[in-house]
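Since the structure comes first, as structure tokens, the remarks are kept for the end.
The values are calculated or read from the model by the stated rules, or taken from the named source; none is laboratory data. In this text the structure is predicted, and so the values were computed from the model without any measurement. Every residue, glycine among them, receives a Cβ derived from its backbone with ideal geometry; neighbour counts consider all protein chains shown.
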Amino acid sequence: MTVSKANKYLIVVVGPTAVGKTDLCVRLAKYYNTEIISADSRQFYKEMTIGTAKPSREEQQGITHHFVDSHSITEDYNAGAYEQDVLTLLQELFRKKDVVLLTGGSGLYVRAVCEGMDEIPQADPAVREQLTELYEAQGLAPLLEQLRQLDPVYYEQVDKANPQRVIRALEVCRSSGQPYSSFRVQEKRERPFNIIRIGLNRDRQELYQRIDQRMDQMLDQGLLQEAENLYTYREHNALQTVGYKEIFDYLEGKYDWEEAVRLLKRNSRRYAKRQLTWFHKFPEYAWFHPQQWQEIIGFIDGQMKG
């Protein structure tokens, strides 16, 4: 059975951490009688609950949430695999529903579903091992210098504080003999459904206050114990993020608990700022405060009639 694109809509709801995506999306799912697909790359993992602010059963309010607790931290899962899995799921959901929701703050994963992933070649695992050893011995500086020489274009674009991104680019450069940037053609792929994109934001002070409150809540719920249980997996990509890194550093004695909590909050606010910067790069998003219910519904319905 072929699903016609004409009356099928994927509503994408993005925004920074703690902005209120879950509450709004549950309300939208009830309104449109549909299901939610999570695009939070850390909520996939069953073992990561508190530090990812995973929606509880109560918060889900009986709405089906896909890609929450779908994988184990012991599995390797990436945006390319997620793209294929979500497209397969959407094919199935659109047989029963005209509207499906996709929500999360992981920009790369949202983009994979909406536009497709670049065809980047597999790298030689031995090269990755060498680069990782160099990073552990000498830090990021020599890797950044290599990247500057091998791919000056991507060197200007990369987050220079993110070792995963730098190592990934270098391993492709060295394995393929071509610049990493040459594989990032960023051609948008045509999808067999319509996409309506909504961004959520709040006044900065209001957002930062909510982030601080969420961090306090996570700590009360037992974030320290969860991080202790995950400590052996600390090199895993999903754990190289705000909320876990600060606790791991505390466990390794790099600073005291008070400093760990301060950094947890500061880094979460910085992360929210980076998320907003990412999503603002895409002009397709219409931005709203999460409480602008009538305006949001009006916008969606207008797009559907459009």
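Would you mention how many residues in the stretch 45-59 are touching a strand residue (DSSP E or B) at 6+ places or on another chain (Cβ under 8 Å) and within 13 Å of Thr103 (Cα to Cα)? Show your work before the answer.
At the first step, the residues of the stretch 45-59 found to be touching a strand residue (DSSP E or B) at 6+ places or on another chain (Cβ under 8 Å) are 45-46, 52, 55.
Checking which are within 13 Å of Thr103 (Cα to Cα) leaves us with 55.
Residues in the stretch 45-59 being touching a strand residue (DSSP E or B) at 6+ places or on another chain (Cβ under 8 Å) and within 13 Å of Thr103 (Cα to Cα): 1 in total.
Restricting to the stretch 18-50, give me the number of residues that are polar (S, T, N, Q) and modelled with pLDDT under 95. I'd like the intermediate steps shown before the answer.
Here is the first cut: in the stretch 18-50, the ones polar (S, T, N, Q) are 22, 33-34, 38, 41, 43, 49.
Narrowing the set further to residues that are modelled with pLDDT under 95 leaves 41.
The total comes to 1.
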> Within the stretch 251-268, is even one residue surrounded by 13 or more Cβ atoms within 10 Å (Cβ to Cβ), more than 19 Å from the chain's Cα centre (by Cα), assigned by TED's automatic domain parsing to the domain that holds Ile198 and not in a helix (DSSP H, G or I)?
Replying inline: yes
>> I'd like to check something: does the stretch 74-86 contain any residue that is crowded, with 19+ Cβ neighbours inside 10 Å, more than 30 Å from Tyr231 (Cβ to Cβ) and in contact (Cβ under 8 Å) with a residue 60 or more places away in the chain?
In response: no
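Considering only residues that are assigned to a helix (DSSP H, G or I), farther than 14 Å from Ser106 by Cβ and out of contact with any Leu (no Cβ under 7 Å at 6 or more places or on another chain), look in the stretch 229-244 and name the one that is modelled with the highest pLDDT. So that I can check it myself, show each step before the final result.
Taking the stretch 229-244 and keeping what is assigned to a helix (DSSP H, G or I), we get 229-233, 237-239.
Filter again for farther than 14 Å from Ser106 by Cβ, leaving 229-233, 239.
In the following step, the residues that additionally are out of contact with any Leu (no Cβ under 7 Å at 6 or more places or on another chain) were identified as 229, 232.
Working: Asn229: 97, Thr232: 94.
Applying the filter and picking the extreme gives Asn229.
For Tyr271, are the conditions met, namely being in the same structural domain as Arg210 (by TED's automatic domain parsing) and not in a helix (DSSP H, G or I)? First the steps, then the outcome.
Numbers: in the same structural domain as Arg210 (by TED's automatic domain parsing): yes; not in a helix (DSSP H, G or I): no.
It is false that Tyr271 is in the same structural domain as Arg210 (by TED's automatic domain parsing) and not in a helix (DSSP H, G or I).
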> Quick one: Lys281 ticks every box in (1) touching a residue at least 12 places away in the same chain (Cβ under 8 Å); (2) farther than 22 Å from Val100 by Cβ bar one, so which box is it?
Replying inline: (1)
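Would you mind finding the one in Leu224, Leu200, Leu264, Leu219 that is touching an Asp or Glu at 6+ places or on another chain (Cβ under 8 Å) and hydrophobic (A, V, I, L, M, F, W, C)? Reasoning before the result, please.
On the way: Leu224 fails: touching an Asp or Glu at 6+ places or on another chain (Cβ under 8 Å); Leu200 fails: touching an Asp or Glu at 6+ places or on another chain (Cβ under 8 Å); Leu219 fails: touching an Asp or Glu at 6+ places or on another chain (Cβ under 8 Å).
That would be Leu264, the only listed residue that is touching an Asp or Glu at 6+ places or on another chain (Cβ under 8 Å) and hydrophobic (A, V, I, L, M, F, W, C).
Just to check your reading of the model, which residue among Arg168, Arg111, Arg174 is assigned by TED's automatic domain parsing to the domain that holds Ile300 and crowded, with 16+ Cβ neighbours inside 10 Å? Lay out the reasoning, then the answer.
Values: Arg168 fails: assigned by TED's automatic domain parsing to the domain that holds Ile300; Arg174 fails: assigned by TED's automatic domain parsing to the domain that holds Ile300.
Within the list Arg168, Arg111, Arg174, the selection yields Arg111.
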> Among (1) exposed (fewer than 14 other Cβ atoms within 10 Å of the Cβ); (2) touching a Pro at 6+ places or on another chain (Cβ under 6 Å), where does Gln294 come up short?
Replying inline: (2)
> Looking at the stretch 175-205, which of its residues are outside any loop (DSSP other than H, G, I, E, B), at pLDDT 90 or above and more than 22 Å from the chain's Cα centre (by Cα)?
Replying inline: Gln205
> Mind checking which residues of the stretch 119-141 are touching a residue at least 40 places away in the same chain (Cβ under 8 Å), of a type outside the set (A, V, I, L, M, F, W, C) and crowded, with 16+ Cβ neighbours inside 10 Å?
Replying inline: Arg128
>> Restricting to the stretch 177-218, name every residue that is buried (at least 17 other Cβ atoms within 10 Å of the Cβ) and either free of Cβ contacts under 8 Å to residues at least 24 places away in the same chain or at positive phi (or both).
In response: none
>> Can you tell me which residue is nearest to the chain's Cα centre (by Cα) among those in the stretch 22-33 that are buried (at least 20 other Cβ atoms within 10 Å of the Cβ) and over 18 Å from Arg57 (Cβ atoms)?
In response: Leu24
> Which pairs have Cβ atoms under 8 Å, sit 6 or more apart or on different chains, and link a residue in the stretch 219-234 that is in the same structural domain as Glu259 (by TED's automatic domain parsing) to one that is among the hydroxyl-bearing types (Ser, Thr, Tyr)?
Replying inline: Glu226/Thr49; Ala227/Tyr244; Leu230/Tyr244; Tyr233/Thr74; Arg234/Tyr244
